[in-house]
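Right, one structure below, let's go through it.
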Amino acid sequence: ALAWLPGGSPSVPSSGRRPRPTPAPSSSPWRPLGARCFAMYRTPSGQSDSTVCVVEHMVPVTPAVARLKPAFDALRQDRELMLDKAEFLELCPRASPDIIDGLFGIFDTNEPFGKIRYSEMCAFVLLTSDTDRSEEKLEAIFPMVDTDEDNLITRTELTHAMRMLYYARFRDSEYSDAKVPLVVAEVMSEVGSEEMSLRQFTEWVRSDKPLIIELRELLQRPFSELLEEEGSSPDIWSIQARMTFEKIKVDNPIVELDGDEMTRVLWQMIKEKLIFPFLDMQIDYYDLSITYRDETDDQVTSDAAHAIVRHNVGIKCSTIAPDRARVLEFNLRKMWPGPNGTIRNILDGTMFHAPIICANIPRFVPGWEKPIIVGRHAHGDQYQATQLVAEGSGTFKVTFVPDDGAPEEVVAYTFKPSSGGGVMLGMYNTRESIENFAKCCFEHSLDQGLPLYLSTQWSVLKDYDGFFVDVFQRTFEHSYEKAFEQQGLWYQHRDLDDMVRQVIKSSGGFVWACKNYDGDLMSDIVAQGYGSPGLMISTLVCPDGKTVLTEAAHGTVTRHYRALQRGEKTSTNPMACIFAWSRGLAHRAKLDGHERLAEFSRALEEACITCVERGLMSKDLAACVHGNDVTPDQWVLTEDLLNAFANELKLVLLKPLRIQARAQEEPFGANSDGGMDRTLDGASLASTNTQL
């Protein structure tokens, strides 16, 4: 239940928040839509500052070995238990006697003879595992060896495990006795002591040391004695271990903005499974559900935005931007604006859309192996333009009347009687807004470690788009050039047509700054190019470089929410919502200099991506992989998927994180049609600014 809900009936705060009774604690796994609050709360801490986690290494086994499952479960439940052949046959009547004879023939080499223990059974499972991921097999050795569950393995424990593996492969005890000490010595030399942690062991497993390379090849070769039956599919077993994780204490709060419908349900499940068990932190909570925004005359949205300004980090759930149908559905007093526009206007930030890349999710642009982050200048231009329709002949003029000077007038077009009239458009932008846009783009590029490109139609709109180019160039030279050089990054301006050509041919790995309409269009194209809009996240970055709001780039998944209301189970993609949390927490870590929190945010993303790449995914992602004829065995339900993410997160937190190249390796080359950089020296820049 939600023990952190505030108590009592507070008086009306100066912000205009309405007082209301505190909802009673609920046994529901998420906050019902009617239970609202705005409060500062702390993540539930339980009875201690640490979490004891049961982690599982998921191992696919051949059907022949799968018939030994009852014996495996019995040994796993009682680590002191040992079974002889008769007990194996009694527990596993469907198992082949040849399989059991093979198991005892390999591992019945230690006292007490004639019995098999849990660690020996695990080694057998790993050797016969139906996967070519030898690195994962090796990583699973740790929980197999750590029989006392103290999160450490000793030289003796590791020697016993390696001897089992080498003897099982070669059936030569002399070779095993000669080889194993060399392997163990290589491992322990990395640590400098007689015991090692899972993180240290995994670093060795993933290294390029000669003996570990040999061991990976040893485990990758098929175990020919125990081939699976033709046409059968593997079973999935888990090798379990108990690990202790010290909760991460975060001193400064983040602002949480709750949302609507299915994403609200996901939001609560994500917090309970992936955030609360690992973090001890304060959260400034605001309920942005459509009904509560209506109840507070949308004051809660403004309050939430100002809270983000105070604390610098906001994490937002998807919300409803009501149309006429929604006004009727929720009996709203008026058609309130969507929260995103209100928040963006208060924060004066730029929205960046970034993909979540999973290797097994097909991309419509296959070459995009690295992220392309699109930043849109959501101010002015066509979206705040003045439009007129001319019904007949006349003169279209553009006039600027300075506060302290004579009016300036330009004839845009003269409609002749034969033209039959036409349409007219007048649009604008401001230096302040463009400068803030430039700062946001440079700050986000540095934060992400990616180069920056600005695209405009300068070759057509030399004054209008040229103003953007000049502001970006001056901002770069005055404030960011040295920082970019220190990180090995670069900034370029390119004509839009050339930029589109270069983007399609590229492998990604950059930030793309676009004007308002261009960004609206290109962000949708890029999202589709990466394969699934459900794998896109949005980050609102403010000009100060400190204030950030993260959010999933998709809506509230109304169709799944309707199914949930009917009592049906759903398979909803939680990836973007999870990454909204991870990116927000990563920014909190950056501001606070909190390395453990930064590592947690990266581990959370790695855990989710790892599960998806293993085939554990929601139905929409399965459809991307397998097509519209996806079958139920190819996807998992929402809660099962989050449980898998949580288990993998516990494991990833105890291991070193994988390093992946994200940035473009070299800038786009000069093009042949003049669309490349608009290079400006000091004189031409001053001349252009004078004209503007």
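The values are calculated or read from the model by the stated rules, or taken from the named source; none is laboratory data. Only a predicted model underlies this, so the values are computations on that prediction, with no experimental measurement involved. When we count neighbours, we look across all protein chains shown, and the Cβ atoms used for this are built from the backbone with ideal geometry, even at glycine. Each accessible area value is taken on the protein alone, full model and side chains, heavy atoms only, with ligands, DNA and RNA left out. Shrake-Rupley method; radii C 1.70, N 1.55, O 1.52, S 1.80 Å.
Annotations for the structure displayed:
- Candidates per trypsin sites (Lys or Arg not before Pro) in the stretch 597-675, loop by DSSP, up to 13 other Cβ within 10 Å: Arg658
- Sorting the segments 573-582, 494-503, 400-409 by their mean number of nearby beta carbons within 10 angstrom, highest to lowest, gives 573-582, 494-503, 400-409.
- Listed residues Ile346, Tyr286, Val398: farthest to the positive end of the dipole of the stretch 265-403 (Cβ charges): Val398
- Rg/Rh ratio calculated on Cα atoms of the stretch 370-522 (Kirkwood radius): 1.07
- Sorted on the mean count of surrounding Cβ atoms within 10 Å across their residues, most packed first, peptides 511-521, 207-217 read 511-521, 207-217.
- Label sites at Gln487 and Asp297, each approximated as a point 7 angstrom past Cα along Cα to Cβ, lie 4.3 nm apart.
- Dipole-positive endmost among Ser532, Phe476, Leu521 within the stretch 462-537 (Cβ charges, Cα centre): Ser532
- Kirkwood hydrodynamic radius of the stretch 510-630, from the reciprocal of the average inverse Cα-Cα distance over all distinct pairs: 16.4 Å.
- About the centre of its Cα atoms, the stretch 430-588 shows a dipole size close to 780 debye [charges on the beta carbon of Lys, Arg (+1) and Asp, Glu (-1) only; nearest 20 debye].
- Accessible carbon and sulfur surface of the stretch 285-433 relative to its total accessible area, %, 1.4 Å: 52
- Over the stretch 360-417, accessible surface divided per residue gives 67 Å², non-protein components excluded, 1.4 Å probe.
- Amide N of the stretch 271-294 lying under 13 Å from the label point, which is placed 7 angstrom from the Cα of Leu591 along Cα→Cβ: 282-284
- Too-long pairs where the Cα-Cα distance tops 18 Å, listed order kept, from Lys179/Lys209; Lys462/Lys515; Lys316/Lys619: Lys316/Lys619
- Contour minus Cα-Cα distance for Asp323 and Ser189 (0.36 nm per residue): 41.7 nm
- When only the Cβ of Lys, Arg, Asp and Glu is charged (+1, +1, -1, -1), the dipole of the stretch 326-439 relative to its Cα centre reaches about 600 debye.
- Once both labels are positioned 7 Å from their Cα atoms along Cα-to-Cβ, the gap between Arg310 and Lys85 label points is 7.4 nm.
- Here the simple spin-label model places points 7 Å from the Cα toward Cβ, and for Lys334 and Asp98 these points are separated by 8.0 nm.
- Gain on full extension, evaluated as 0.36 nm per residue between Arg501 and Asp73 minus their Cα-Cα distance, stands at 148.4 nm.
- Rolled with a 1.4 Å probe across the full set of protein chains, the surface gives His353 an accessible area near 50 Å².
- Per residue, the accessible area of the stretch 479-546 comes to 37 Å², computed with a 1.4 Å probe over protein heavy atoms only.
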